[in-house]
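Student: Quick one: this structure, given as structure tokens, is what I'll be asking you about.
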Amino acid sequence: MSPVKRQSIWSIYAWCRRTDELVDGPASAITTPETLDLWEQQLESIFAGHPLENYDVALADTLQRFPMDIQPFRDMIAGQRMDLYRSRYETFEDLYLYCYRVAGTVGLMSTAVMGVDSTIYTAPWQQNKQPYVPTEEAIALGIANQLTNILRDVGEDAKRGRIYIPLEDLEKFNYTEQDFFKGVVDDRWRALMRFQIERARQFYSTSDQGITYLASDARWPVWAASMLYGQILEVIERNDYDVFSQRAYVPQWKKLRTLPLAWMRSQVL
């Protein structure tokens, strides 16, 4: 992307990372609902043009260049609130709300910076047509990424007493919480993981359909992000769905090999 867009994406990433670390970082043990209340007040100061910290200045600069709604940022904070009091999700609908808040919101923030392609509306009968903004697709990519995170981090979450896989899905495959915390990998678990992976891939498929509508300089990085994150699911499969004793990761050489293919997709899809 252009330097301005790249710096703006960095500023969004920095804010999201700092927000996430309030509940998952080194100082998370002392985070309370009041901590998040203060963080939301600091967010409002940024949007009002009165940044309080250096990182806030970067985000305030981004907002001047690329105006965006504060609501996705507030929604992300609401997602962190969920992590303070929830360690289980009964249904996928419950989990979807969490995934939207902590990850789907990033799609909305980023799309505002990346912009959309208006050159496809050059025909005389299309000149007054507003460019399509792939909002739902951007959210879908965030959901897909977060579902991938959940599957990759099962072992780490189990050690913290958390289960992000919907309990209704565990019941569907006759797999218990006791099995989960023991790290049982059997045919039930493999069938459950195949089901979860297929769900995540459906969200990737939805999100990929929106990339063509993005501004031309944003397509390559988004294709790369989608493809590289999706490859984590392939590693889980190769590891025979054992996410308790080994962490699925994509090696550097494979990441580099993926970039030319992502570039080609950005040119033709």
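Quick grid of which residues meet (1) under 21 Å from residue 86 (Cβ atoms); (2) at pLDDT below 95; (3) within 24 Å of the chain's Cα centre (by Cα):
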| residue | (1), (2), (3) |
| --- | --- |
| 120 | no, yes, no |
| 128 | no, yes, no |
| 149 | yes, no, yes |
| 177 | yes, no, no |
| 201 | no, no, yes |
| 207 | no, no, yes |
| 219 | no, no, yes |
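Student: May I pose another question? Which one of these is touching a residue at least 60 places away in the same chain (Cβ under 8 Å), among the β-branched types (Val, Ile, Thr) and in contact with a Gly (Cβ under 7 Å, 6 or more places away or on another chain): 243, 222? Reasoning before the result, please.
Tutor: Numbers: 222 fails: in contact with a Gly (Cβ under 7 Å, 6 or more places away or on another chain).
Answer to the selection: 243.
Student: Quick test for you: out of 2, 28, 11, pick the one residue that is in contact with a helix residue (DSSP H, G or I) (Cβ under 8 Å, 6 or more places away or on another chain), free of Cβ contacts under 8 Å to residues at least 24 places away in the same chain and outside the structural domain of residue 263 (by the TED database). Talk me through it step by step, then tell me what you get.
Tutor: Values: 2 fails: free of Cβ contacts under 8 Å to residues at least 24 places away in the same chain; 11 fails: free of Cβ contacts under 8 Å to residues at least 24 places away in the same chain.
Unique residue meeting the criteria: 28.
Student: Given the structure, is residue 231 in contact with a helix residue (DSSP H, G or I) (Cβ under 8 Å, 6 or more places away or on another chain), assigned by the TED database to the domain that holds residue 162, without any contact (Cβ under 8 Å) to a residue 40 or more places away in the chain and of a type outside the set (D, E, K, R)? Let's see the steps before the verdict.
Tutor: Details: in contact with a helix residue (DSSP H, G or I) (Cβ under 8 Å, 6 or more places away or on another chain): yes; assigned by the TED database to the domain that holds residue 162: yes; without any contact (Cβ under 8 Å) to a residue 40 or more places away in the chain: yes; of a type outside the set (D, E, K, R): yes.
Against the criterion (in contact with a helix residue (DSSP H, G or I) (Cβ under 8 Å, 6 or more places away or on another chain), assigned by the TED database to the domain that holds residue 162, without any contact (Cβ under 8 Å) to a residue 40 or more places away in the chain and of a type outside the set (D, E, K, R)), residue 231 qualifies.
Student: Does residue 93 qualify as being in the same structural domain as residue 136 (by the TED database), of a type in the set (Asp, Glu) and open to solvent by 50 Å² or more (accessible area, probe 1.4 Å)? Give the derivation first.
Tutor: On the way: in the same structural domain as residue 136 (by the TED database): yes; of a type in the set (Asp, Glu): yes; open to solvent by 50 Å² or more (accessible area, probe 1.4 Å): yes.
It is true that residue 93 is in the same structural domain as residue 136 (by the TED database), of a type in the set (Asp, Glu) and open to solvent by 50 Å² or more (accessible area, probe 1.4 Å).
Student: Taking segment 95-106 as the region of interest, how many residues are in contact (Cβ under 8 Å) with a residue 40 or more places away in the chain and more than 13 Å from residue 150 (Cβ to Cβ)?
Tutor: 3
Student: Would you check which residues across segment 231-250 are open to solvent by less than 60 Å² (accessible area, probe 1.4 Å) and either on the phi < 0 side of the Ramachandran plot or at pLDDT below 95 (or both) and list them? Quick ask: steps written out before the conclusion?
Tutor: Going through segment 231-250, the residues open to solvent by less than 60 Å² (accessible area, probe 1.4 Å) turn out to be 231-233, 235-236, 239, 241-244, 248, 250.
Scanning segment 231-250 gives 231, 232, 233, 235, 236, 239, 242, 243, 244, 248, 250.
Student: Also, I was wondering about something else. Please determine, by comparing only the residues of segment 177-230 that are of a type in the set (Val, Ile, Thr) and closer than 14 Å to residue 266 by Cβ, which one is surrounded by the fewest Cβ atoms within 10 Å (Cβ to Cβ). Talk me through it step by step, then tell me what you get.
Tutor: Start the filter on segment 177-230 by keeping residues that are of a type in the set (Val, Ile, Thr), which leaves 184-185, 197, 206, 211-212, 222.
From the residues that got through so far, the ones that are closer than 14 Å to residue 266 by Cβ too are 211-212, 222.
On the way: 211: 23, 212: 18, 222: 26.
For segment 177-230, the residue satisfying everything is 212.
The values are calculated or read from the model by the stated rules, or taken from the named source; none is laboratory data. Computed from a predicted structure; not experimentally measured. Neighbour counts run over all protein chains shown; Cβ positions are idealised from the backbone, glycine included. Just the protein is used for accessible areas: all its heavy atoms, side chains included, with ligands, DNA and RNA removed. Shrake-Rupley method; radii C 1.70, N 1.55, O 1.52, S 1.80 Å.
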